[in-house]
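Everything below concerns the one structure shown next.
Please treat every number below as a calculation from the coordinates, not as lab data. Since we're looking at a predicted model, the values are computed, not measured. A quick note on method: Cβ atoms are made from the backbone with ideal geometry, for glycine too, and the neighbour counts reach across all protein chains shown.
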Amino acid sequence: MSMSSKYAPDGGLLPREDRELTRVALAAAVRAGTTLMASFASGPSRVREKEGPVDLVSDADLASEEVILDRIARDRPDDAILSEEGGAIAGSSGMHWIVDPLDGTHNFVRGIPLWCVSIAVVDGSGTRIGVVNDPLHGECFLGIRGRGGSLNGRRLPLHEEPHGGLVLGGSCRRAVSPDLPRAARLARFASGFANTRELIAGALELAWTAAGRVDVLYHESRIKLVDKAAGVLVCSEAGLAVHELPPARDGQRDRLLVCPPQMSESLLAQVD
């Protein structure tokens, strides 16, 4: 069984290029997940700060990235790449790979089992393929533009009425100089929900939202393009509304709201 037919509900029916891109993305994500699993069992040997204590990179990030970039270079040598640690690599094909080799590094280095690999392929019309692989739980989420979203080859259902949960990303975690206006805004936003959560792994938050494990995902900070590119496609292909919003009047970062379509109007009114 091919990798794409294992994880894509209609892998054999995909157009040739979609099938090829899906095959490479899945193979890279699964191999990177295997690499990370070996490191997670023993713990990374080297961890350093990039732009401060909330932005870490470990030897596990770099090993996973090497596996992914090697696979893309071998199978898609003319494609461009933007990777979390390695930066940008130019290409000539019009295809761009967006790679986060380890989303949730904070969790990973502390032994918290909430982290994943995120790989997206973008063309001139937007994100075409998105893979979020959670090897620790044996879950591989896939979005193919126009073909739906799936989890381990099982199609993700369209969302019905929400049932009260919320993943709340980008909350104010710093003990020093907290962003009080944003904290107050998030508290108001969450007041109508029974529970709030933050996984500190943006791609995994998106994938779990697509799977219906939570009802709404709202970020005011922290989630980067490499974190969200794949997961946003999985969400939209699972039938969710994805709203990428400009910063709040007192904010500096773009915002992201993902929710069932029937909730969009009321929730957008709360975050504007």
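Note on R110 and S93: their simple-model spin labels are 3.9 nm apart, each label 7 Å out from Cα toward Cβ. Cβ-to-Cβ counts within 10 Å put S83, S118 in ascending order as S83, S118, the fewest first.
Before anything else, pin down the relative contact order of segment 3-155: Cα pairs under 8 Å, at least 6 apart, normalised by residue count, whole percent. Don't jump to the answer; show the numbers that get you there.
Details: 295 pairs, mean separation 36.6, N = 153.
Result for segment 3-155 is 24 percent.
Maximal additional length on extending the V47-H243 stretch stands at 67.1 nm, based on 0.36 nm per residue less the C-alpha distance. Full extension of the chain between D254 and R155 gives 32.6 nm of extra length, using 0.36 nm per residue less the Cα-Cα distance.
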